[in-house]
Amino acid sequence: MIHNKRNNKSRNKIFKNLGNLLILSILIQTSCVKETLYDTDHPEHGKITISTRWDDRGEGIGIPGEHTVRTKHAASEHSHTASLTGTVNSLDELFPAGSHRIHIYNAAENITVSGATATADYAAGEIGWLFTGTENADIEKDKIHHVTVAMRQQVRQLTLIFDVTGDARDRISGVEATLSGAA
């Protein structure tokens with residue numbers, strides 16, 4: 001008889017513990033919430049950080065203080081324009097996934113930029129130093145993309161030196177030159 005009571009107590013304890021475990025496992029399974037985790041706070045879009053490289057510039061020519069970036073999404077009408085300073089800039093805009101064309105240029109004295117065309121107005125005076133750069137960026141959702149754009153100097157100084165000999169100097173009333181085919 002004593003032996004049976006002990007077995008019954010043991011069995012009751014086991015069943016009680018199994019019951020508690022069953023209730024606990026049911027509670028854990030029903031209280032779980034499935035949540036998708038993202039790497040950024042913009043899971044449906046990408047962000048762009050642009051670094052500009054200014055290696056291709058003439059001696060004594062500084063880096064412009066401000067430059068303009070224009071982006072254009074290849075598959076939609078989404079575009080963005082912003083002013084940048086310095087060599088590293090994070091754009092505030094969120095970009096849709098896909099291929100984007102990035103154009104960067106600086107404002108230069110007596111040069112206007114419209115789309116992909118720059119026009120110099122020599123009649124207005126000396127023109128400034130124009131730099132441009134372009135790069136493609138493949139943007140993915142939920143990522144920050146780092147893009148480096150090499151800036152190229154588009155305006156160069158051309159100095160022509162005439163070595164006039166003899167009495168030819170007295171006979172020259174003016175010098176006019178045309179440079180063509182240089183693009």
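Summary of values
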| item | result |
| --- | --- |
| Filter result (among the hydrophobic types (A, V, I, L, M, F, W, C), within 19 Å of the chain's Cα centre (by Cα) and open to solvent by 60 Å² or more (accessible area, probe 1.4 Å)) within the stretch 33-72 | 63 |
| Which listed residue is more than 20 Å from residue 153 (Cβ to Cβ) and open to solvent by less than 70 Å² (accessible area, probe 1.4 Å), from 97, 75, 120, 108 | 97 |
| Candidate set from the stretch 127-144 (those that are among the aliphatic types (A, V, I, L, M) and touching a Gly at 6+ places or on another chain (Cβ under 8 Å)); member that is surrounded by the fewest Cβ atoms within 10 Å (Cβ to Cβ) | 144 |
| Hey, residue 156 more than 21 Å from residue 50 (Cα to Cα), open to solvent by 30 Å² or more (accessible area, probe 1.4 Å) and in contact (Cβ under 8 Å) with a residue 60 or more places away in the chain or not | yes |
| Hey, residue 108 touching a Leu at 6+ places or on another chain (Cβ under 8 Å) and more than 17 Å from residue 146 (Cα to Cα) or not | yes |
| Which listed residue is open to solvent by less than 70 Å² (accessible area, probe 1.4 Å), within 17 Å of the chain's Cα centre (by Cα) and closer than 17 Å to residue 102 by Cα, from 113, 147 | 147 |
| Residue in the stretch 138-169 that is farthest from residue 92 (Cα to Cα), counting only those that are in contact with a Phe, Trp or Tyr (Cβ under 8 Å, 6 or more places away or on another chain) and not charged (D, E, K, R) | 155 |
| Residue 176 vs. criteria closer than 28 Å to residue 63 by Cα and in a loop (DSSP other than H, G, I, E, B) | no |
| Meets criteria (modelled with pLDDT under 90, touching a Leu at 6+ places or on another chain (Cβ under 8 Å) and not acidic (Asp, Glu)) for residue 42 | yes |
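The values are calculated or read from the model by the stated rules, or taken from the named source; none is laboratory data. Given the structure is predicted, the values throughout are model-derived calculations rather than measurements. In this analysis, Cβ positions are derived from the backbone assuming ideal geometry, glycine residues included, and neighbour counts consider all displayed protein chains. Just so you know, the surface numbers come from the protein's heavy atoms only, side chains and all, with ligands and any DNA or RNA stripped out. Shrake-Rupley method; radii C 1.70, N 1.55, O 1.52, S 1.80 Å.
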